[in-house]
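Asker: Please read through the structure below; I'll follow up with questions.
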Amino acid sequence: MQKIHRHAWLWEPLEVEAGFLLRTMFGAKAVYLDGKMMLCFCDSDEPWRGLLVCTSREHHPALRVQFPELSSHPILSKWLYLPETFPNFERTGTTIVRLTRQRDPRIGITPKPRKRCATKARSPRK
């Protein structure tokens, strides 16, 4: 039996989007839309229990004005963090997901391409 992620209800509205992709990333669930990593839902111990908003540092001030409860993640400071313990986590998380679905330009990063493994790149020996 597979365990249901505690924040699955938050990303469910995004599942109907044509460009939706859900990937596991370091024990968390990362949501991609149209190839961009948008949100990361963490279900571990603090500071990995809540919602990470994937964004560039230039968008931090604007997002923090709109959502003062967001802070730079203490380890992954390039992204903003909404801890699950925040009193309005559900309401704020739902609003952030809605903005993500609307493709708010402040949310989302284009991930760097994965490097190919050197052993796979070589042609087979004869």
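Asker: Being part of a loop (DSSP other than H, G, I, E, B) and within 15 Å of the chain's Cα centre (by Cα) narrows it down to one of PRO111, PRO74, so name that one.
Answerer: Working: PRO74 fails: within 15 Å of the chain's Cα centre (by Cα).
On inspection, the qualifying residue turns out to be PRO111.
Asker: With the condition kept exactly as written, say whether any residue in the stretch 30-37 is assigned to a loop (DSSP other than H, G, I, E, B), on the phi < 0 side of the Ramachandran plot and modelled with pLDDT under 95. Don't jump to the end; show me each part of the working.
Answerer: The first filter runs over the stretch 30-37 and keeps only residues assigned to a loop (DSSP other than H, G, I, E, B), leaving 34-35.
Keeping just the survivors that are on the phi < 0 side of the Ramachandran plot gives none.
Scanning the stretch 30-37 turns up no residue that is assigned to a loop (DSSP other than H, G, I, E, B), on the phi < 0 side of the Ramachandran plot and modelled with pLDDT under 95.
Asker: Quick one: THR94 ticks every box in (1) of a type in the set (Val, Ile, Thr); (2) over 15 Å from MET37 (Cβ atoms); (3) within 14 Å of the chain's Cα centre (by Cα); (4) outside any helix (DSSP H, G or I) bar one, so which box is it?
Answerer: (4)
Asker: Please list, ordered by first then second residue, the pairs with beta carbon atoms under 6 Å, 6 or more apart or interchain, first in the stretch 44-63 and at positive phi, second loosely packed, with under 12 Cβ neighbours inside 10 Å and part of a strand (DSSP E or B).
Answerer: If the second residue must be loosely packed, with under 12 Cβ neighbours inside 10 Å and part of a strand (DSSP E or B), no pairs are left.
Asker: Hey, can you tell me all the residues within the stretch 58-83 that are farther than 17 Å from MET38 by Cα and in contact with a helix residue (DSSP H, G or I) (Cβ under 9 Å, 6 or more places away or on another chain)? Walk me through it before giving the result.
Answerer: In the first step, residues of the stretch 58-83 are kept if they are farther than 17 Å from MET38 by Cα; the result is 61, 65-66, 68-69, 74-75.
Listed by number, the residues that qualify are GLN66, GLU69.
Asker: Can you tell me which residue in the stretch 9-63 is nearest to ILE107 (Cα to Cα), limited to those that are under 9 Å from the mean Cα position of the chain (by Cα) and open to solvent by 20 Å² or more (accessible area, probe 1.4 Å)?
Answerer: Across the stretch 9-63, the extreme among qualifying residues is TYR32.
The values are calculated or read from the model by the stated rules, or taken from the named source; none is laboratory data. Remember, it's a predicted structure, so these values are computed and weren't measured experimentally. Counting neighbours? That spans all protein chains shown, and the Cβs are built from the backbone with ideal geometry, glycine included. Keep in mind that these areas ignore ligands, DNA and RNA; they rest on the heavy atoms of the full protein, side chains included. Shrake-Rupley method; radii C 1.70, N 1.55, O 1.52, S 1.80 Å.
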